[in-house]
Amino acid sequence: MLHGKVALITGSTSGIGLATAHVLAEQGVDLVLHGLLEQTQGEELAQQFAEKYQINTYFSNADLRMSSEISAFMQAAQEALGGIDILINNAGIQHTETVVDFPENKWNDIIAINLSSAFHTSQQALVHMQSKRWGRIINIASVHGLVASLNKSAYCAAKHGIVGLTKVIALENAELNITANTICPGWVDTPLIKQQITDIAEQNSLTFEQASYQLVTAKQPLPEMLAPRKIGEFVLFLCSDAASGITGASLPMDGGWTAQ
Ligand code: NAD
């Protein structure tokens, strides 16, 4: 059903984005891969996807902190593969510190990458989706788009923001067969959370595995991290016809975290 559609996944060189790229490629979806890899490494990755799945691919390492780079990236990607049918705003970074000590540059980077980039990519992708009267925008938020945790001011602000942005996109496009939803994962086993685990291990003289268990079980009833591929499979469902009535939703995939 999705064969030949074009998906753009920001931050698809690692973690959830990369796993989602594999899930969509298995369905014959052409892919715009993106992330902070050297251009040659990124092009190799794109080539591997093209050969393995017999799909068309394109790679960009545009820095999402800069709207001018996003604009050029979106234009080049659409020229290379055609208009974007499925947009997955996934790239994100983290920094943990109290509000009082939070560095301004980290605040600005997190808001730019985790929130504003989704506004810029959506603005450009929606033009094609509206002309085709079909589209899927799936934003990878977090439980932190729904609830807060200590020391995550910028991350929570950005993730709550993307939940709101997604609802507005859903309302503006509901009659055009374009859905927009956020997935709100709990802990997922990716490089993004390694620093937090390392900090807990150092502060409490624990092994990495012990610290990881402590981090996960502090808030999440399911005592394990999700595999990134599970997020990709949820993305695939949201792209399906069965999910055409789901729009403007913020969907927890959080092992019961926000049920408490
Ligand atoms: P990751 O660190 O494995 O991947 C992050 C991706 O973003 C990489 O491809 C990286 O190159 C890209 N990126 C980072 N800074 C960038 C920049 N300035 N410009 C362009 N690209 C940039 O992380 P992940 O865990 O796979 O995270 C993916 C998304 O999932 C993020 O939005 C994150 O907030 C969200 N999330 C993760 C978890 C978790 O537990 N891992 C939980 C909830 C939500």
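Take the conditions open to solvent by less than 60 Å² (accessible area, probe 1.4 Å) and under 20 Å from K230 (Cβ atoms) and apply them to G28. Does it pass? Give the derivation first.
Numbers: open to solvent by less than 60 Å² (accessible area, probe 1.4 Å): yes; under 20 Å from K230 (Cβ atoms): no.
So G28 does not fit the description; no.
So that you can scan it fast, the table gives a plain yes or no per residue for (1) of a type outside the set (F, W, Y); (2) touching a residue at least 24 places away in the same chain (Cβ under 8 Å); (3) under 19 Å from V163 (Cα atoms):
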site: F59; (1), (2), (3): no, yes, no
site: S68; (1), (2), (3): yes, no, no
site: D85; (1), (2), (3): yes, yes, no
site: N105; (1), (2), (3): yes, no, no
site: D109; (1), (2), (3): yes, yes, yes
site: L115; (1), (2), (3): yes, yes, yes
| field | segment 173-187 residues that are within 20 Å of L222 (Cβ to Cβ) and in contact (Cβ under 8 Å) with a residue 12 or more places away in the chain, paired with ones that are acidic (D, E) and within 16 Å of the ligand (Cβ to nearest atom) (beta carbon under 9 Å, 6 or more apart) | value | C184/D254; P185/D254; G186/D254; W187/E224; W187/D254
| query | Out of F73, F49, F59, F102, which single residue is away from the ligand (no atom under 16 Å from the Cβ) and either open to solvent by less than 60 Å² (accessible area, probe 1.4 Å) or touching an Asp or Glu at 6+ places or on another chain (Cβ under 6 Å) (or both)? | reply | F102
| Counting only residues that are part of a loop (DSSP other than H, G, I, E, B), more than 14 Å from the chain's Cα centre (by Cα) and within 20 Å of V235 (Cβ to Cβ), how many does segment 141-186 have? | 2
| field | Pick from segment 76-99, criterion within 13 Å of T10 (Cα to Cα) and within 11 Å of the ligand (Cβ to nearest atom), ranking: most open to solvent (accessible area, probe 1.4 Å) | value | I93
| Residues of segment 215-260 being open to solvent by 30 Å² or more (accessible area, probe 1.4 Å), within 30 Å of W134 (Cβ to Cβ) and among the hydroxyl-bearing types (S, T, Y), which ones? | S244, T247, S250
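The values are calculated or read from the model by the stated rules, or taken from the named source; none is laboratory data. The model shown is predicted, which means the values in this text are computed figures rather than measured ones. Virtual Cβ from ideal backbone geometry, glycine too; neighbours counted across all protein chains shown. Areas reflect the complete protein model, heavy atoms only, side chains present, ligands, DNA and RNA absent. Shrake-Rupley method; radii C 1.70, N 1.55, O 1.52, S 1.80 Å.
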